[in-house]
1. Given the criteria free of Cβ contacts under 8 Å to residues at least 40 places away in the same chain, open to solvent by less than 10 Å² (accessible area, probe 1.4 Å) and within 12 Å of chain A (Cβ to nearest Cβ), does B:Val435 qualify?
2. If you check every pair at least six apart or on different chains, which have Cβ atoms under 7 Å apart with a residue in the range B:385-407 that is in the same structural domain as B:Met422 (by TED's automatic domain parsing) first and a residue that is open to solvent by 30 Å² or more (accessible area, probe 1.4 Å) and among the β-branched types (Val, Ile, Thr) second?
3. Provide a single number: the residues in the range B:259-284 that are open to solvent by less than 40 Å² (accessible area, probe 1.4 Å) and under 24 Å from A:Ser61 (Cβ atoms).
4. Any residue at all in the range B:135-146 that is closer than 23 Å to B:Phe274 by Cα and within 14 Å of chain A (Cβ to nearest Cβ)?
5. For the range B:559-587, enumerate the residues that are over 22 Å from B:Thr479 (Cβ atoms) and within 43 Å of the chain's Cα centre (by Cα).
6. Do the conditions hold for B:Ser43, that is, is it surrounded by fewer than 18 Cβ atoms within 10 Å (Cβ to Cβ), in contact with a helix residue (DSSP H, G or I) (Cβ under 7 Å, 6 or more places away or on another chain) and either free of Cβ contacts under 8 Å to residues at least 24 places away in the same chain or farther than 30 Å from B:Met375 by Cα (or both)?
7. What are the pairs, 6+ residues apart or on separate chains, where a residue within the range B:225-252 that is within 11 Å of another protein chain (Cβ to nearest Cβ) and under 30 Å from A:Cys86 (Cβ atoms) has its Cβ under 6 Å from a residue that is open to solvent by 40 Å² or more (accessible area, probe 1.4 Å) and in a strand (DSSP E or B)?
8. Has the range B:447-461 got at least one residue that is aliphatic (A, V, I, L, M) and more than 13 Å from chain A (Cβ to nearest Cβ)?
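The values are calculated or read from the model by the stated rules, or taken from the named source; none is laboratory data. Since the model is a prediction, treat every value here as computed from it, not as a measurement. Counting neighbours? That spans all protein chains shown, and the Cβs are built from the backbone with ideal geometry, glycine included. Please note that ligands, DNA and RNA were not included when accessible areas were found on the heavy atoms of the full protein model with its side chains. Shrake-Rupley method; radii C 1.70, N 1.55, O 1.52, S 1.80 Å.
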Amino acid sequence: MPQPVLKGESMTDKRCEEVLEKHQKEKGNIISLLQNIQEVFGYIPEDTVFWFSRELNIPASSFYGVATFYAQFYLKPRGKNIITACCGTACHVKGSGPIINKIREELKLPEGETTSKDGKFTVESVACVGACSIAPVFIGNKKVFGKMTIEKASEMLKGIDKGKGA
Amino acid sequence: MPAKKTAKKADIKDLVIRVCVGTGGLAAGSQEVMDEFGSQLKSHGIKAEIVKKCVNKTGCRGFCAKDVLADVILNDKSETYQLLTPEMVSRIVEEHIVNGSPVKEWLVGPEYHAFHDKQTKILLKQCGHIDPEDIDAYIKIGGYEGARKIFSLEPSEVIEEIRASGLRGRGGAGFLTGLKWELCSKAEGSPKYIICNADEGDPGAFMDRSVIEGNPHSVIEGMVIGGYAIGANYGYVYIRAEYPLAIQRLKIAISDARKKGFLGENIFKTKFDFDIKIKEGAGAFICGEETALIASIEGKRGMPRAKPPFPAHKGLWGKPTVINNVETLSTLPTIITQGAKWFSSIGTEKSKGTKVFAITGKIKNTGLIEVPMGMSLREIVYDIGGGCEKNCALKAVQTGGPSGGCIPASHIDMPVDYESLMAIGSMMGSGGMVVMDDTTCMVDMAKFFLSFTQNESCGKCTPCRIGTKRMLEILTRITNGKGREGDIELLLELGNSIKLTSLCGLGMSAPNPVLSTIRFFRDEYEAHIRDGICPAAVCKALRIYTVSVELCKMCGKCFKACPSAAIAWEKKQPAKIDKGKCIKCGACYEACPFNAIL
């Protein structure tokens, strides 16, 4: 095991200090702190956890416990473009499964991976985005695409890749 | 509304255009439609500030199947257009607004009126009519009157009124709201808290999102009423981060309410202080359970704890806390203004008032509806929902999401209320209703729900953590064509013990979808296990691929695509599939350009 105490020593990132300041001002908790870290870095870098653990005197394991409990937190960097597939009941019934497979196939994602090799795309799923009336639903960079089909999914990917669909 | 002569002599008196901008509407392109109305009106010589006043956005009106929907109200006469695209706008402006004759073929049809006529709208009345980002629009239609009224009453009188109305929690279990409040108000400890549970996680339910997006002030007003009744000065809204639009509108609403003096210190010029903070959830279904939600607000892993003590006695930070669902809170203002007697006159003996349902799945009119409790399922599915898509046969209706169960088509005349749903092995839940037809496999459906709850199980108690995993393994085995004799009995045994021994509501209700599909669709399970057939042809592994000799053009593409050498083919000969070697991967099916693989 690496010595956790030494981890994060090298963190001199100004962004961390800004997050810390905001956190102390708002009297936040671990969840809101992790949300703020993720907002700045796009994911939760291991180093930042050790840095905050030292600054706030909270064991790093507490951060790890919370970060792995909630689906929202990412411990690995994500792609430039995020495709979110809704896996709610209505989307399932209306056939979201084959569309997800098609998207993964087009992006050449190996089994178990969510981010494409070139770092351009991350494909994730979410339990339900609550837009069941336009199922199946996909979200490409925060824009909602309803009544999705396999053909429309390819178009969406191309559009996002060209920077249009974002 | 301002009167203004346009360049083309059209007399635009009292023109109001209302465009639905809920999540469904936005996805269908309502923002573009709205912008196009703006620029078209401007091109007709109408000043920008007047355009801004008459083109309004509204929340969801429920009939999402026909989005984008827009009302054009001219001289007090309202017409509604459906399935709008920006390209259609110029003709509407030209013919309807300028020349006064609506574009008839684009107006909503009889199904739009049928969809609305059978509903009783209390909660959704204002959604779809007012601009959710304008507090004055809410005040104009009587908003915050309820909150104003309670300050002339004692808190105990407010509780009594809600108790008399018979309102039950809309989030799941259906506990009496008035009773919950009374327990908390009598509990010792201060400060007290009121929490709005907007962690709507049931796949297939989206009423809370729509209410917050369409009428956020009604939720705030409900929290003020609840806060005053139980003596809480602080409120939290715990809302899913997956609902960015709802969060944004709620933030605007809270800040506007503060400016008006409806939130903050000495609200409504009384001695009562009340303020609300938003807490964004981090993506965990279990946080809809109240003790897990409390842990999450405190910044911990969202794990439930054993009850009692109930949150009404020991809740957030160990203090007395009331947790109410969005729909419950947003019903409160109307109960206060119209009276408990009026509210309790709607619905059945034990289930009072109206309930919002999200009807989705294989149904024609998908969307959000509000009906009196006790309406028959038939009326909901056929009269409001318009029946199954493509006129397929209705198989079942799933209610209550992953905690609920399936109601088979044979029980279509049952009334929809708390007790009747419980009796049939389902539950009200938050009000998701997913309609299924004969192309839905019930075993696959049960597997879908169980894999959801299995995935969302927090892992604290053994029955839920391991029990649901074992159940899921059995279901996966069955859908893969490897089901064994005795699997159904094993599922029943496991399911019933998980229900009895789990710690929280998630585990106690997780087996429901499996148990209820076994109860009503046991034959489908048996067909999977004994005959190796999926009657709905959904389970891929149980499909038997064959080549249609009539359609086969003898090209050999399937032969090349097959990874297990199960296809025999020679030039000028139709292909043949060896069932023994076939691994049912579907590669031949995908490869065939003539749809000759069946």
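1. No.
2. Once the first residue is in the same structural domain as B:Met422 (by TED's automatic domain parsing) and sits in the range B:385-407, its partners that are open to solvent by 30 Å² or more (accessible area, probe 1.4 Å) and among the β-branched types (Val, Ile, Thr) give B:Cys392/B:Thr439.
3. 5
4. No: the range B:135-146 contains no residue that is closer than 23 Å to B:Phe274 by Cα and within 14 Å of chain A (Cβ to nearest Cβ).
5. Within the range B:559-587, B:Ala561, B:Cys562 qualify.
6. no
7. Note: pairs meeting the criteria are B:Ala241/B:Glu280.
8. Checked the range B:447-461: no residue is aliphatic (A, V, I, L, M) and more than 13 Å from chain A (Cβ to nearest Cβ).
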